[in-house]
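Peer 1: Can you read through this structure? Questions will come right after.
The values are calculated or read from the model by the stated rules, or taken from the named source; none is laboratory data. As the structure is a computational prediction, the values presented were derived from the model and not from experiment. Cβ placement follows ideal geometry from the backbone for every residue including glycine, while neighbour counts extend to all protein chains displayed. Remember, those area values only see protein heavy atoms, side chains included, never the ligands or the DNA or RNA. Shrake-Rupley method; radii C 1.70, N 1.55, O 1.52, S 1.80 Å.
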Amino acid sequence: MNLRYLTESYIPENILFRDKQIEQISKSIEAYKRNGKGYNLLIRGTSGTGKTATLQHISQQYNGFIKYVSGINYKNWTYILRELSGLDYRYGDVLLKEYLKRLNQNPHAIIIDEISKVTDLKILMQKLNAVYRATQIPIIIASNNIHFIEGLENDVRLTLFFQPVEFEPYSIEELRQILNERLKLCEVDLPEEIKNLIIAISKRENSARILLELAYYCLDNNDFDIASIHAYAEKYKDTD
């Protein structure tokens, strides 16, 4: 039994039920490769709808052409640009200038996940605006905030012109298939009544993340008590 397939660190080779979204993201990148101008995308959906897994999957598929960073880990615009560029300049203006030089020599697409977690978001968006004006590389951002675009400054909004890519919540049957596939990879199974309970809780919260976390909790702790599962679900939801 290998429970790593139920953790967030595992990126599936096949992302279930997100073919349309993967196609939309790939079109932006391919457009840049063909014509030197990509579409900027806003990956939009509530937590647990597969945004992060899909973006990391896309990053792996394009093997180095995409630089991925998450606002969870890098919450300041200078830290984000340092991670994207691989440069370590102390001053932000110098960092941006040198990053633009590097991008024009060796372009790559940018993905910023969980962008709403960035503390100086307004400044970051201004810097991304400058990056796009100078390079036309595709900038792909992800947010749980469905009103993200409306909060942007006019110049940034009109220049970057983000096209939304919607991640709708999974259906009950989709959640069931996701769970069954991960359990199969782990070479383990759960009692049917526990599966139904986990799926019902996950559908209520519209989160495949909770689905996998509850399955992991049950198997790792050998705990299939219904009250315990409900209690852990509430605790996990509060933490998340």
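Peer 1: If you count only protein heavy atoms with a 1.4 Å probe, what accessible area per residue comes out for segment 39-155, rounded to a whole Å²?
Peer 2: Details: 5390 Å² over 117 residues.
Using a 1.4 Å probe on heavy atoms only, each residue of segment 39-155 averages 46 Å².
Peer 1: Rounded to the nearest 20 debye, what is the charge dipole size of segment 61-157 about its Cα centre when +1 sits on each Lys and Arg Cβ and -1 on each Asp and Glu Cβ? Mind showing how you got there, number by number?
Peer 2: Details: 12 positive and 10 negative charges, 48 e Å.
In debye, rounded to 20, segment 61-157 gives about 240.
Peer 1: Still on this structure, please answer the following. Once you charge only the Cβ atoms, +1 for Lys and Arg and -1 for Asp and Glu, what is the size of the charge dipole of the chain about its Cα centre, to the nearest 20 debye?
Peer 2: Numbers: 30 positive and 32 negative charges, 270 e Å.
Computed about the Cα centre, the dipole is about 1300 debye.
Peer 1: Moving on. Tell me which of Leu87, Tyr5, Asn76 sits at the most positive position along the dipole axis of the chain, charges placed on C-beta atoms (Lys, Arg +1; Asp, Glu -1).
Peer 2: Of the options given, the answer is Leu87.
Peer 1: Going through segment 88-157, which GluC sites (Glu not before Pro) have at most 16 other Cβ atoms within 10 Å and a DSSP loop state? Numbers along the way, then the final one.
Peer 2: Numbers: sites: Glu98, Glu114, Glu150, Glu153; in loops: Glu114, Glu153.
The qualifying sites are Glu153.
Peer 1: A further question on this structure: On a 0 to 90° scale, report how tilted helix 92-105 is relative to the longest principal axis of the chain, with both axes built from alpha carbons and the result rounded to the nearest 10.
Peer 2: It works out to around 90 degrees.
Peer 1: Take the alpha carbon atoms of segment 83-240, find their radius of gyration, then divide it by 2.2 N^0.38 Å using N residues; give the quotient.
Peer 2: Details: Rg = 21.3 Å, N = 158, 2.2 N^0.38 = 15.1 Å.
That ratio works out to 1.41.
Peer 1: About the Cα centre, and with charges only on the beta carbon of Lys, Arg (+1) and Asp, Glu (-1), how big is the dipole of segment 123-240? Nearest 20 debye, please.
Peer 2: Dipole size: approximately 520 debye.
Peer 1: A follow-up question, please. Calculate how steeply helix 121-135 sits against the longest principal axis of the alpha-carbon atoms of the chain, using the helix alpha-carbon long axis, and give the answer as 0 to 90 degrees to the nearest 10.
Peer 2: 60 degrees
Peer 1: Of the heavy-atom accessible surface of segment 39-130 (probe 1.4 angstrom), what whole percent is carbon and sulfur?
Peer 2: 46 percent
Peer 1: Sticking with this structure for a sec: For Glu192 and Tyr79, FRET efficiency with R0 = 45 Å and r from the beta-carbon atoms, rounded to 0.05? Intermediate results must be reported in sequence, preceding the final value.
Peer 2: Numbers: r = 46 Å, r/R0 = 1.03.
Computed FRET efficiency for Tyr79 and Glu192: 0.45.
Peer 1: Could you give the length gained on full extension between Arg90 and Met1, defined as 0.36 nm per residue of separation minus the Cα-Cα distance, in nm?
Peer 2: Answer, rounded to one decimal: 27.4 nm.
Peer 1: Still on this structure: When ranked by the protection proxy of mean other Cβ atoms within 10 Å per residue, highest first, what sequence do the peptides 163-171, 105-113 form?
Peer 2: Numbers: 163-171: 16.9, 105-113: 18.7.
Final packing ranking: 105-113, 163-171.
Peer 1: Now for a separate question. Mind giving me the nanometre distance, one decimal, between the label points for Ile22 and Ser116, set 7 Å out from Cα along Cα→Cβ?
Peer 2: 2.6 nm
Peer 1: For the charge dipole of the chain, defined by +1 on Lys and Arg C-beta atoms and -1 on Asp and Glu C-beta atoms about the Cα centroid, which residue among Ile146, Asn104, Leu42 has the Cα displaced farthest towards the positive pole?
Peer 2: Working it through, the farthest residue towards the positive pole turns out to be Asn104.
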